[in-house]
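Report on the structure given below.
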Amino acid sequence: MSAIALPSRPPLELSVTTAPLATADVDVIAVGAFASGGDDNDRRVELSDDAQAVAQAMDLDLASELLTMTFDGTVGSNVVIPTRGALRAAAVVVVGLGRLAAATPAQLRRACATMVGVIPRHQRVATGIHTSLRDTPVTEAAQAVIEGVVLGTYRYQQFHTKPKPVDVRALALHGSSEAASIEAVVPTALAAADAACLVRDLVNTPPQAKRPPQFAQFAEQVVADLAVDVRILDEQALEDGGYGGILGVGQGSSAPPRLVELRYRPSGAAQHVAFVGKGITFDSGGLSLKPSASMETMKCDMAGAATMLAVIRAAAQLKLPVEITCLLALAENMPSGSATRVSDVLTMYDGTTVEVLNTDAEGRLVLADAIAHACELSPDVIVDAATLTGAAVVALGDRYSVVIANDDELANRFVALGARSGEPMWQLPLAKGEYGDRVEGTFADLKNVGNRAAGTIFGALFLERFVQDGVRWAHLDIAGPAYADEPYGEYTKGGTGIPARTLLAWLGDVARP
Ligand code: BES
Ligand code: MN
Ligand code: ZN
């Protein structure tokens with residue numbers, strides 16, 4: 001059994017300076033421009049202040065020049081202009097930022113990620129683009145720029161025999177008088193971007209290399225240098241503890257399941273947050289076998305667990321003053337002679353019995369044990385992340401996560417932070433009064449599937465039965481956005497890292513109420 005070997009992010013040399021952008025000693029200067037034309041036939045752009053200053057230093061009428069090019073200032077449009085010796089930098093990249101009045105941090109992040117695509121290999125880049133948004137604090141904009149560049153540079157090449165070199169190796173943020181506060185946000189930005197990249201690496205790792213025992217070992221390694229205590233419950237400990245959900249899902253696989261408990265307990269923490277992640281390292285469906293095509297992306301079924309691991313690591317790196325318990329419920333869902341049968345009854349960690357009417361509804365079974373375990377530690381709030389239901393993809397598509405919570409304020413908070421982070425979320429109702437009794441079983445307390453109606457809500461209602469009264473709880477169904485079938489914006493094909501950056505932003509809020 002080989003351990004997961006992860007590529008580490010190539011170092012990005014970051015600097016912050018008040019020096020004028022045009023004088024930067026780099027390979028490429030990136031400047032922003034806004035779309036200001038009326039429609040497709042009117043492709044005028046409005047230059048940012050930096051773009052104007054750089055153009056002036058080059059003695060160039062940039063706005064007119066751009067009219068001759070296929071550049072309209074929309075997010076994702078970029079154009080490279082050689083400086084022909086007019087500046088120290090060899091080229092200026094003009095980066096479309098959308099409409100000035102509407103430009104958001106999410107658009108800035110996306111614009112910077114797409115900019116990476118037009119920059120040749122191994123370049124040093126300078127920019128003042130974080131100063132160009134109207135209603136966004138320059139620190140938040142700087143974070144978006146850094147995240148955009150790191151996410152845009154990301155490549156998973158572990159199994160490529162001819163890996164490509166990295167595009168951007170240095171990034172200098174120029175031109176703001178607030179250099180000190182920008183400096184202060186750099187570690188947060190890098191930790192957030194690295195968290196997303198760690199999730200991507202884990203999701204992209206082939207399932208044979210991340211079976212539960214390996215995944216658990218890796219989790220331990222990844223926080224080894226940090227103030228995080230790790231406890232791994234192996235199959236014997238799970239048996240002794242009565243974790244019937246995790247065991248029932250894992251019993252068809254030749255690799256046994258694991259429950260990993262990570263605890264970060266800084267002094268002076270006012271709040272205790274429990275994070276629970278679905279960690280199905282491969283979801284074949286079990287005896288309720290999926291068709292082959294539906295299995296192709298099911299190595300992503302551990303994205304929730306990867307997210308929670310990355311977030312607790314980032315929180316510990318940043319020394320956030322919040323107590324965090326992280327539970328990774330790891331199992332491989334396989335069909336075999338030892339697999340859970342359809343109609344088998346499992347006794348869960350809290351004693352509740354469950355009739356398994358579909359072995360492909362396995363996520364809720366492993367999460368139920370982990371949530372019940374979390375409740376014993378009396379957290380103030382529980383957040384779970386899970387690629388739980390195909391119904392979430394039907395409801396909101398592959399770019400929105402579903403939030404379901406027993407507390408609307410908590411749900412609203414995630415929706416707002418998700419939008420700023422470029423990890424969109426939308427709330428669905430828990431609908432306990434309407435559908436709450438649908439999880440009642442015939443031959444046991446509960447059943448793990450209902451009829452096909454409101455499948456995402458059914459999943460949440462099932463989980464809710466394991467959340468102790470009085471504990472605030474939010475469930476993030478990330479079945480859609482955890483994995484990108486095609487690249488878009490700052491996301492590469494494969495694992496996206498969603499919603500790690502939103503959770504980190506939320507922890508920041510929890511830390512300073
Ligand atoms: N892991 C899947 C959900 C999923 C689907 C994630 C698509 C990512 C993309 C989950 O375990 C599953 O199989 N859910 C079933 C539940 C059903 C049997 C009630 C589903 O959604 O079909
Ligand atoms: Mn499944
Ligand atoms: Zn699954």
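The values are calculated or read from the model by the stated rules, or taken from the named source; none is laboratory data. Remember, predicted model here, so these are calculated numbers, not experimental data. Neighbour counts are summed over all protein chains in view; Cβ atoms, including those assigned to glycine, are modelled from backbone coordinates with ideal geometry. What goes into the accessible areas is simple: the full protein's heavy atoms, side chains included, and nothing from ligands, DNA or RNA. Shrake-Rupley method; radii C 1.70, N 1.55, O 1.52, S 1.80 Å.
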In degrees, nearest 10, the alpha-carbon axis of helix 303-317 is tilted away from the dominant principal axis of the alpha carbons of the chain by 60
With a 1.4 angstrom probe the carbon and sulfur portion of accessible area for the chain, in percent, totals 49
Relative to the chain, whose Cα atoms define the longest principal axis, helix 49-58 and its Cα axis are tilted in degrees, nearest 10, by 40
Per 20 angstrom bin, beginning at 0 and ending with the bin that holds the maximum distance, the Cα pairs of the chain fall in percents of 24, 51, 22, 3, 0
The answer for trypsin sites (Lys or Arg not before Pro) in segment 250-343 that fall in a DSSP coil and have at most 16 neighbouring Cβ atoms within 10 Å is LYS319, ARG341
Computed curve, segment 37-91, Cα-only Debye sum without solvent term, log₁₀ I(q)/I(0) at 0.17, 0.22 Å⁻¹, is -0.56, -0.89
All alpha-carbon distances of segment 264-377, grouped into 5 Å bins from 0, give the whole-percent distribution 2, 12, 18, 19, 17, 12, 9, 6, 4, 1, 0
To the nearest 10 degrees, the tilt of helix 105-116 (Cα long axis) against the first principal axis of the alpha carbons of the chain is 70
Violations at 20 Å Cα threshold for listed pairs LYS299/LYS432; LYS164/LYS493; LYS210/LYS299; LYS210/LYS278; LYS162/LYS493 -> LYS299/LYS432
Under a 1.4 Å probe, counting only protein heavy atoms, THR442 has an accessible area in Å², nearest 10, of 110
Between the modelled labels at LEU377 and ASP398 (7 Å from Cα along Cα→Cβ) the distance in nm is 3.4
Per residue, accessible area of segment 367-413 with a 1.4 Å probe, heavy atoms of protein chains only, in Å², comes to 35
In the neighbourhood of ASN448 defined by beta carbon distances under 10 Å, the net charge of the other residues (Lys, Arg +1; Asp, Glu -1) is -1
Summing +1 per Lys or Arg and -1 per Asp or Glu among the other residues with Cβ less than 13 Å from ALA316's Cβ gives 0
If N is the residue count of segment 175-285, its Cα Rg over 2.2 N^0.38 Å rounds to 1.37
One point scatterer per Cα, no solvent, Debye formula: log10 I(q)/I(0) for segment 97-167 at q = 0.22 Å⁻¹ comes out as -0.91
The set of residues whose placed amide H lies less than 5 Å from the amide H of SER288, leaving out same-chain residues fewer than 5 positions away, is THR359, ASP360
Answer check: segment 152-217, Cα atoms, Kirkwood Rh, Rg/Rh ratio of 1.12
Scoring segment 96-222 by relative contact order with C-alpha pairs under 8 Å, at least six apart, yields a percentage of 29
Net charge (Lys, Arg +1; Asp, Glu -1) of residues whose beta-carbon lies under 10 Å from that of SER132, SER132 excluded, is -1
Contact order relative to length for the chain, counting C-alpha pairs under 8 Å separated by 6 or more residues, stands in percent at 15
Protection proxy (average C-beta count within 10 Å per residue), highest first, orders 224-231, 200-207, 33-40 as 200-207, 33-40, 224-231
Expected field for ILE246, accessible surface area in Å² at 1.4 Å probe radius, rounded to 10, holds 0
